[in-house]
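Any read-out appearing in this document is the output of simple, stated calculations on the displayed coordinates, not a laboratory observation. These numbers come from a predicted model, not from an experiment.
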Amino acid sequence: MTSGNVFGPAIIFWMNLFYRHQLDNISPARLASSVSVPVMIIHGENDRRFPLAYARKLQNSFAPGQSELYVAPGVGHSDSSKTAGYPAAVKAFVDRHWPPDANRAD
């Protein structure tokens, strides 16, 4: 058992108390159906606060093909941007969905 299997649910438990048991109303997975733009989810492979399964569940909450998941290898909760593949993954996502010509005024 990883600490993420303990801390993730504990954080959600306390957030649920803070939001007076209406956490489901603001859940990213629940709100996904109202999002109409492409989404990139970035998650650390070794995140101990929120297990990778949470990111996969969120990705599956979007319409097929609407979201992409970058799993940052070997890092935890806050270090995804420090991985070697991060800049290329973000650039590729942006280039696919907002090519340079899309912003050009004609």
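According to the calculation over all Cα-Cα pairs in region 4-103, the P(r) per 10 Å bin from zero is 14, 37, 36, 11, 2 %.
Across region 4-103, the mean sequence separation of Cα contacts (distance under 8 Å, 6 or more residues apart), normalised by length, yields a relative contact order of 27 percent.
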